[in-house]
Structures are given as structure tokens and as C-alpha cells.
Amino acid sequence: MSRKFFVGGNWKMNGDKKSLGELIQTMNGAKVDPNVDVVCGAPAIYLDFARSHLDAKFGVAAQNCYKVPKGAFTGEISPAMIKDCGVNWVILGHSERRHVFGESDELIGQKTAHALESGLGVIACIGEKLDEREGGITEKVVFAQTKVIADNVKDWSKVVLAYEPVWAIGTGKTATPQQAQEVHDKLRGWLKANVSEAVANSVRIIYGGSVTGGTCKELASQKDVDGFLVGGASLKPEFVEIINAKM
Ligand code: 13P
């Protein structure tokens with residue numbers, strides 16, 4: 001089964017109209033592999049800006065959303081608002097949401113259900129912390145996180161699973177291609193046992209954590225690595241190299 005390569009950029013809380021505008025111009029003018037789904041995760045306040053300036057062949061994602069359509073939730077944004085800006089994706093469960101902002105598995109599950117019901121695609125993030133890897137419980141942690149997401153998904157065609165080991169995020173310590181492949185393979189096994197073989201074979205499982213132009217090709221050559229979620233390097237022209245990792 002061939003899965004279309006998927007490369008997400010997560011701009012996090014970086015950039016301004018000037019620098020993001022320059023990045024967008026670089027992307028719009030670049031030669032990119034047409035066999036890759038590319039989605040840029042913009043800060044909420046720049047979703048409209050990103051969507052109106054990025055070429056239509058690139059998707060845009062919000063970096064978070066709340067679990068209900070509207071109401072008295074100061075500071076939050078809803079999937080309905082994201083869609084109103086012409087944006088079709090949302091990143092949920094990112095480790096910074098989990099560990100800096102204290103989001104629980106339960107809340108991430110509720111957000112996933114509501115975003116999908118609202119018609120957004122979801123890039124659902126999971127990943128173990130360093131002490132969990134060193135304690136030998138990587139699988140237990142990522143399976144538990146995946147279960148909460150899976151319990152809230154009806155249509156897996158709208159979900160991309162992002163494995164982002166927390167120790168590799170923003171640290172310059174990329175997981176080795178073997179480490180990434182091992183976890184991706186186990187996740188596919190979990191999906192096969194707990195969801196279905198068809199879902200296990202079709203869901204894109206992407207890797208995130210210090211991916212660069214230098215590390216992307218070998219990672220992309222792994223059987224179960226179906227793309228990337230890129231932080232720091234997604235703000236640089238180097239992002240184009242990562243999109244083209246399979247070319
Ligand atoms: P870095 O690529 O900066 O390590 O960030 C990864 C990430 O968190 C993407 O969501």
C-alpha cells in the first residue's frame with residue numbers, strides 16, 4: 001500500500017508578517033515534489049494571512065483549537081473559525097500543548113473528535129519524554145496516547161499521526177532512522193490490532209523532532225516513515241529540501 005508522503009511545517013509562535021511573507025514567497029516559487037502533501041502550521045493570528053498568501057497547492061493548519069464550536073472561552077479558537085479562514089487542518093496534542101500548557105489526553109481526545117466532526121483534518125501528535133524512553137516505557141506511553149486519539153476518530157482518512165519524541169524536539173537530537181522506524185512500525189501494529197488492518201496500512205505516520213535538510217533523506221527512506229512534522233527548519237528555505245526528501 002502506498003501512502004502519500006506528508007510534510008507539515010509547525011511554525012510554532014515564530015515569525016511576523018515580514019518574515020513569514022518572505023518564507024511564503026520562497027515556498028510559492030520553489031520546485032516541490034507534486035507527490036507530497038504539504039501543510040504549514042501558522043500561529044492563529046496569521047492563519048488568514050498564511051492562507052491568503054500561500055499557493056493553493058500548500059495546505060495550512062492551525063496549531064490548536066478548542067473542543068466546542070463557540071462560546072465564552074476567552075482566548076480560544078474553534079474549528080468553525082479555522083474553516084472560516086479557508087484552513088483545513090489542525091495540529092492537536094503537540095508536546096508543547098501537553099507539557100507547557102498541561103493539556104490532558106482526555107482534552108486532546110475531545111478536541112480531536114470535535115475538529116474531525118467539524119470537517120478539519122487532524123495532525124495528532126504523540127511521543128515519549130526522555131525519562132520514559134530511558135525507563136523503557138516508550139511503547140506503553142505512545143500506545144496510551146494513540147488509544148485516546150483512536151477512541152475519538154471515526155474517519156481515519158482525515159488523520160495523520162505524528163510521532164514526535166519529546167527529547168528530540170528543538171534539541172538538535174534527531175531520532176535515528178532506526179529509532180523512528182521502530183516506533184512507527186509498532187504504532188502500525190497497534191492500529192492493526194486495535195482499529196483495523198486497512199487503517200494500519202493507510203494512515204500516514206510522520207516523524208517530528210529536529211528534522212533537517214541533512215537528516216530527512218535517510219529518515220524518509222524508512223518503510224513506515226510517511227513524512228515529517230518540522231519545527232525550526234520549517235521557517236527556513238531548507239524546508240523545501242525536506243518536502244523534496246523523496247525526490
Ligand atoms: P523541531 O523540528 O524544531 O525539533 O520541532 C519539531 C516539532 O515540534 C514539530 O511539531
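Listed values, structure above:
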quantity: Principal semi-axes in Å for the chain [√(5λ), Cα gyration tensor, largest first]; calculated: 25, 22, 17
quantity: Residues listed by number, segment 64-80, amide nitrogen under 18 Å from ILE45 label point at 7 Å toward C-beta; calculated: 64-65, 74-78
quantity: Dmax and Rg, reported as Rg then Dmax, of segment 1-104 (C-alpha, Å); calculated: 14.5, 45
quantity: Calculated P(r) of segment 135-243 - Cα pairs past 19 Å, %; calculated: 43 percent
quantity: Protection-proxy order for peptides 145-152, 29-36, each taking the mean of Cβ atoms within 10 Å per residue, highest first; calculated: 145-152, 29-36
quantity: Computed lengthening from LYS17 to ASP55, 0.36 nm per intervening residue step minus Cα-Cα distance; calculated: 12.1 nm
quantity: Residue with peak Gaussian network fluctuation, the chain [Cα springs, cutoff 10 Å], from GLY208, GLY127, GLY136; calculated: GLY136
quantity: Long-range amide H partners of ILE123 with built H, under 5 Å; calculated: VAL90, ILE91, LEU92, VAL160
quantity: Among GLN25, GLN63, GLN181: highest mean-square fluctuation, GNM of the chain, C-alpha pairs under 10 Å; calculated: GLN25
quantity: At 1.306 mPa s and 10 °C, Stokes D of segment 1-60 from Kirkwood alpha-carbon radius, µm² per second; calculated: 132 µm²/s
quantity: Sum of -39500 (n - 2.57) over DSSP H runs of 4+, divided by residues of the chain (222 nm, nearest 500); calculated: -11000 deg cm²/dmol
quantity: Loop trypsin sites (Lys or Arg not before Pro), segment 57-124 (other Cβ atoms within 10 Å of the site Cβ: 13 or fewer; DSSP); calculated: LYS57, LYS70
quantity: Normalised contact order of segment 71-141, rounded percent, pairs of Cα under 8 Å and 6 or more residues apart; calculated: 35 percent
quantity: nm² value of the averaged projected area, convex hull over the Cα atoms of segment 129-169; calculated: 3.1 nm²
quantity: Percentage of interatomic Cα-Cα distances in segment 173-229 larger than 18 Å; calculated: 30 percent
quantity: Estimated distance in nm for a label pair at MET247 and ALA144, the labels positioned 7 Å out from Cα along Cα-to-Cβ; calculated: 4.3 nm
quantity: Cα→Cβ-extended label distance, 7 Å offset, between LYS4 and LYS83, nm; calculated: 2.0 nm
quantity: Virtual paramagnetic centre 7 Å along Cα→Cβ of HIS99, amide N under 17 Å, in segment 223-246; calculated: 229-232
quantity: Too-long pairs where the Cα-Cα distance tops 26 Å, listed order kept, from LYS70/LYS154; LYS31/LYS186; LYS4/LYS192; LYS18/LYS57; LYS31/LYS173; calculated: LYS31/LYS186; LYS31/LYS173
quantity: Relative exposure of MET247, MET27, MET13, MET81, judged by other C-beta atoms within 10 Å (fewest first); calculated: MET13, MET247, MET81, MET27
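Bear in mind these aren't lab numbers, they're just calculated from the coordinates by the rules spelled out. Because the structure is predicted, anything quoted here is derived from the model rather than measured. Virtual Cβ from ideal backbone geometry, glycine too; neighbours counted across all protein chains shown.
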